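The values are calculated or read from the model by the stated rules, or taken from the named source; none is laboratory data. In this text, all values refer to a predicted model and were calculated from it rather than measured experimentally. Here the Cβ is made from the backbone with ideal geometry for all residues, glycine too, and neighbour counts use every protein chain on show.
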Amino acid sequence: MNPSFKAAVVGPSRVGKTTLLTAILAETERLLAGSPVAITPDEKTANRVRANRRQLRGALEAGEFNAAALKGTQEKSEYTLMLQSAGDDTIDIPFSILDFPGGWLDPAVRESSSRAATDWARCEAHIRESVMLLVPIDSAVLMEAVTPPQRRAVPDLLAFEDVEAVARKWAMTRNMEEYRDEPAVLVLAPIKCEKYFGDNGGHGRDADRLKQKVREKYGTLLEIVAAEAQDRDVRVLYAPIDTYGCVELMEAHWPANPVLDHLDFEAHYRFRGNPPRIAVKAAATIMQELCRCVMSGWDTVQKQEIDEYQGAYQQLLARKVEAKGFRRALTFYLGGEARRNRLARAANQAQIAAGERRRLQLQEAVEKLATTPYDRRVEEW
Amino acid sequence: MTRGTARANDYQFIGDEPADRWWAPVADQVLMEEAELIVAGRDGRLCFLLSGVPSARRDVIGTEVRYTVVVEDVAADLDVARKLLTAGLTDAGRARFGELLDKSFGGTVVDEILGGAARADVPELVGAALRELPGTPAPADGDDGPRSWAGPWEKPDALDTFRRRVERLAAGGDGYAFTTHLLSTLKGAEAANAAVPDDVAILLVDGTVDRVTELGKAGPGPGPGPGPAPGRRVTLVIGGLVMAAGALIWVLWWIARRLF
């Protein structure tokens, strides 16, 4: 069982993993406003998110939008956060989200670099223990591939096989008995999809086509997860997210690259709105779901702890009431064991009561969170 | 380390990967995507890592590409060490270093290397760029701060103290000196100091620490709590037993006298 809960973002290089994470984490306060939970980043996470956010805002201020405003991840990063339940300051649940250079998904890269191989082993351990696997999808790559060479490039650009391999290991681990009590949520999150929706300042009408494409292209991944996690439920969410909201794809290019055996993808975006304002869409749902996952996992841990305290209490009680005979009774009472037994039982009872109070508080928070409506774009598959 | 144009050509070392990741103990305390400097002195070796060195190159989706440069064993060449230090601590120095690296690794050179083309001359090319960096004088006289400290990057006296620490590392001292965009408070710096076994000098690029401030390493764990030492405890137990036995004999004698 996890002492601290984990989630991981898995996608190839330049797909927008850090942009997605920043969209989710930069505005947690706003995203969780009105919900019964709050999230506090640790110092490093706050500074990391601030640096990312500064880059994104810089892109806006520059007036000429650069879809790749973030500098590109070069090292493994863990975003460490603390989930707190409003109304009970004893509930502090730590969790962390992993981001890593997408290139490490490629076995050939890992083979050629001992750095990637070493760090990948740590990433893989984190991914296996994650309650949520978040798969960002560059929707422009998926939607703008029209000609056969372009369509042929899509599996490589979105690293289907590598992502599937990771998802397989994740699902296998989630299916193991010791992890079955924990939640398992797979989120397919198309990003950069402002052009295809008409509900966030745009006029797009391709939402259904995007959904269909994701279903089609990630069907194998879903089959793999279902097959590997046969003994448990895996919740699958489809969550198309606007990480900016105020930009729109204008032109897509598919340049040939002599190093690659397929086309590469290049996109040009324009601002919409005057002045353009960041309007993140559907990211709150991811945060809600993540909180639900973490709280649900923590509830299981609490239940186990309470069971342990109850077991210990029963043992102490059994020791107290057992027939001891004259000599052992004398030792029990005069030797101080009776006092220690009484104090330990009282301490256990206090722990059980506190644990149950926390569980109740948490369950109320989870229920409230569940009643907060999901963004209408998000679907459970 | 840098990246190529294609999406697939993510950040990797071009040329030989360093055999020893000497910066690993402090890697979690810095933001490698930003302009950071790590200097380590270990066993007479002096090593530098400069991240966030800007390149004019762009990847296929238009992101600015950068270099992370690792230079090892420069203790013997104080001139190069000082050039690296200036490149690592000033925006102008870093920008100039990036331009010089682009001269050697511009065009398609990086794409070719990442595509598998063998280039054994990467260290020489980096060395040539280093030699072209402007010379830097030795820092003004003074001390290099407490054993471990944190200070503000924007304060000249903290920068000077940092430079002197690097000179000490170059002279054979052990420890780390690094800048960080990831930490911003004294508490964070204390935690970083506790996580690194050696002495550290930390320059906070953006933080709440306003002067060079000592950081304490945790000493040996707390000793046994208040209460008698084990030897004394044995004496006390024996004394107690003797007294209890005496009391018991007295009670038995008293009862016997009453009964008989």
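Quick grid of which residues meet (1) within 27 Å of residue A:98 (Cα to Cα); (2) within 14 Å of another protein chain (Cβ to nearest Cβ); (3) over 19 Å from the mean Cα position of the chain (by Cα):
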position: A:169; (1), (2), (3): yes, no, no
position: A:178; (1), (2), (3): yes, no, yes
position: A:197; (1), (2), (3): no, no, yes
position: A:200; (1), (2), (3): no, no, yes
position: A:203; (1), (2), (3): no, no, yes
position: A:224; (1), (2), (3): yes, no, yes
position: A:251; (1), (2), (3): no, yes, yes
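Among the residues of segment B:32-76, just one is surrounded by fewer than 22 Cβ atoms within 10 Å (Cβ to Cβ), free of Cβ contacts under 8 Å to residues at least 24 places away in the same chain and touching a strand residue (DSSP E or B) at 6+ places or on another chain (Cβ under 7 Å), namely B:64. If you go through segment A:119-140 one residue at a time, do you hit one that is modelled with pLDDT under 85 and over 18 Å from the mean Cα position of the chain (by Cα)? No. The test for being over 27 Å from the mean Cα position of the chain (by Cα), of a type in the set (Asp, Glu) and either surrounded by fewer than 17 Cβ atoms within 10 Å (Cβ to Cβ) or under 27 Å from residue A:84 (Cβ atoms) (or both) does not hold for residue A:233.
The number of residues in segment B:108-135 being under 15 Å from residue B:97 (Cβ atoms), in a loop (DSSP other than H, G, I, E, B) and among the hydrophobic types (A, V, I, L, M, F, W, C) comes to 1.
Contact map, segment B:172-185: residues that are in contact (Cβ under 8 Å) with a residue 12 or more places away in the chain and at positive phi paired with residues that are assigned to a loop (DSSP other than H, G, I, E, B) and among the charged types (D, E, K, R), Cβ distance under 8 Å, separation 6+ or inter-chain. Pairs shown: B:175/B:198; B:175/B:199.
Condition check ((1) of a type in the set (A, V, I, L, M, F, W, C); (2) over 24 Å from residue B:32 (Cβ atoms)) across all residues:
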site	(1), (2)
B:132	no, yes
B:143	no, yes
B:162	yes, no
B:173	no, yes
B:177	yes, no
B:181	no, no
B:191	yes, no
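Count of segment A:322-339 residues, restricted to those that are in a helix (DSSP H, G or I), exposed (fewer than 11 other Cβ atoms within 10 Å of the Cβ) and of a type in the set (Gly, Ala, Ser), is 1. Looking at segment B:24-37, is at least one residue modelled with pLDDT of 90 or more, more than 9 Å from every other protein chain (Cβ to nearest Cβ) and in a strand (DSSP E or B)? Checking segment B:24-37: at least one residue is modelled with pLDDT of 90 or more, more than 9 Å from every other protein chain (Cβ to nearest Cβ) and in a strand (DSSP E or B).
Taking segment A:121-147 as the range and being in a helix (DSSP H, G or I), without any contact (Cβ under 8 Å) to a residue 60 or more places away in the chain and away from every other protein chain (no Cβ under 12 Å) as the test, the residues that pass are A:121, A:124, A:125, A:128. Among the residues making up segment A:289-304, a single one is within 15 Å of residue A:372 (Cα to Cα) and over 10 Å from the mean Cα position of the chain (by Cα): A:292.
Tell me which residues, restricted to segment B:38-70, are away from every other protein chain (no Cβ under 14 Å), assigned to a strand (DSSP E or B) and either modelled with pLDDT under 90 or at positive phi (or both).
The first filter runs over segment B:38-70 and keeps only residues away from every other protein chain (no Cβ under 14 Å), leaving B:39-48, B:56.
Filter once more, so that each one left must be assigned to a strand (DSSP E or B): B:39-42, B:45-48, B:56.
Result: B:42, B:56.
Restricted to segment A:196-292, the set of strands (runs of 3 or more DSSP E) holding at least 3 residues that are under 23 Å from residue A:132 (Cα atoms) comprises A:235-238. Any residue at all in segment A:104-117 that is crowded, with 18+ Cβ neighbours inside 10 Å, closer than 21 Å to residue A:184 by Cα and more than 10 Å from chain B (Cβ to nearest Cβ)? Checked segment A:104-117: no residue is crowded, with 18+ Cβ neighbours inside 10 Å, closer than 21 Å to residue A:184 by Cα and more than 10 Å from chain B (Cβ to nearest Cβ).
Just checking, how many residues over segment B:137-158 are aliphatic (A, V, I, L, M) and surrounded by fewer than 19 Cβ atoms within 10 Å (Cβ to Cβ)?
Here the count works out to 2.
Take the residues in segment A:148-190 that are among the basic types (Lys, Arg) and within 25 Å of residue A:20 (Cβ to Cβ); name whichever of them is surrounded by the fewest Cβ atoms within 10 Å (Cβ to Cβ).
Per the criteria, the residue is A:151.
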